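Step one of this worksheet: look at the structure below.
We did not get these values from a lab; they are worked out from the coordinates using the rules stated. Note that this is a predicted model, so its numbers are computed, not measured. Positions of Cβ are generated from backbone atoms using ideal geometry, with glycine treated the same way; all protein chains shown enter the neighbour counts.
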Amino acid sequence: MAKTVLTVDDSASIRQMVSFTLKSAGYDVIEASDGMDGLDKAKSKQVNLILTDQNMPRMDGISLIKSLRATSQYKSTPILMLTTESSDSMKSQGRAAGATGWLVKPFDPQKLIEVVKKVIG
């Protein structure tokens with residue numbers, strides 16, 4: 001059975017690129033348009049990995065990670081930040097919130113697949 005990845009980003013083009021890249025590698029993908037949408041979708045269906053942007057309306061990536069980590073369902077699920085933010089302070093906030101890893105946009109599709117395979121197989 002295919003592993004399911006939730007991609008959370010307010011940019012439709014980024015969601016489409018991530019979705020296309022991961023589906024071509026055999027993953028199922030659920031798309032969410034911001035942190036609140038991502039949280040709702042994560043709660044309604046169990047996913048194997050969450051990819052989230054940082055800067056989004058309604059709820060940013062770090063708030064989303066904190067909210068997910070607070071639930072028993074997502075205490076240990078891998079969560080990767082996929083964002084234009086690359087400062088050390090933002091990365092340490094992400095780690096403190098519970099992010100598993102960090103990918104900087106624009107992303108290389110091959111690298112995204114490699115990282116996802118490493119994290120969830």
For every helix of n ≥ 4 consecutive DSSP H residues, a contribution of -39,500 (n - 2.57) applies; sum these over the chain, divide by its total residues, and give [θ] at 222 nm rounded to the nearest 500 deg cm²/dmol.
-13500 deg cm²/dmol
Taking the DSSP beta bridges in the chain as the whole, what percent of them are antiparallel, to the nearest 5?
0 percent
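Net charge within 13 Å of GLY101 by Cβ-Cβ distance, Lys/Arg positive one each and Asp/Glu negative one each, not counting GLY101 itself?
That works out to +4.
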Hey, rough spin-label estimate for SER11 and ASP28, points 7 angstrom out along Cα→Cβ, what's it come to in nanometres?
2.8 nm
Amide H neighbours of ILE30 under 5 Å, at least 5 residues apart or on other chains, H built in the peptide plane: list them.
VAL5, LEU6, THR7
Can you run phi through the Karplus equation (6.51, -1.76, 1.60; θ = phi - 60°) for the stretch 28-41 and list ³J(HN,Hα) in whole Hz, with x for Gly and Pro?
8, 10, 10, 9, 10, 8, 6, x, 5, 4, x, 5, 4, 5
Over 21 Å, how big is the tail of the calculated P(r) for the stretch 4-120, in percent of all Cα pairs?
26 percent
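If the only charges are +1 at each Lys and Arg Cβ and -1 at each Asp and Glu Cβ, what is the size of the charge dipole of the chain around the Cα centre, to the nearest 20 debye?
460 debye
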Quick note on LYS45, LYS3, ordering by fewest other C-beta atoms within 10 Å, gives LYS45, LYS3
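Mind checking Rg over Rh on the stretch 80-121, alpha carbons, Kirkwood formula for Rh?
Ratio of gyration radius to Kirkwood radius for the stretch 80-121: 0.99.
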Report the label-to-label distance for ARG69 and SER89 in nanometres (one decimal), using points 7 Å from each Cα along the Cα→Cβ vector.
1.9 nm
Explain nothing, just compute: Karplus ³J(HN,Hα) = 6.51 cos²θ - 1.76 cosθ + 1.60, θ = phi - 60°, for every residue of the stretch 99-109 in order, whole Hz, x for Gly and Pro.
5, 7, x, 9, 10, 9, 7, x, 9, 8, x
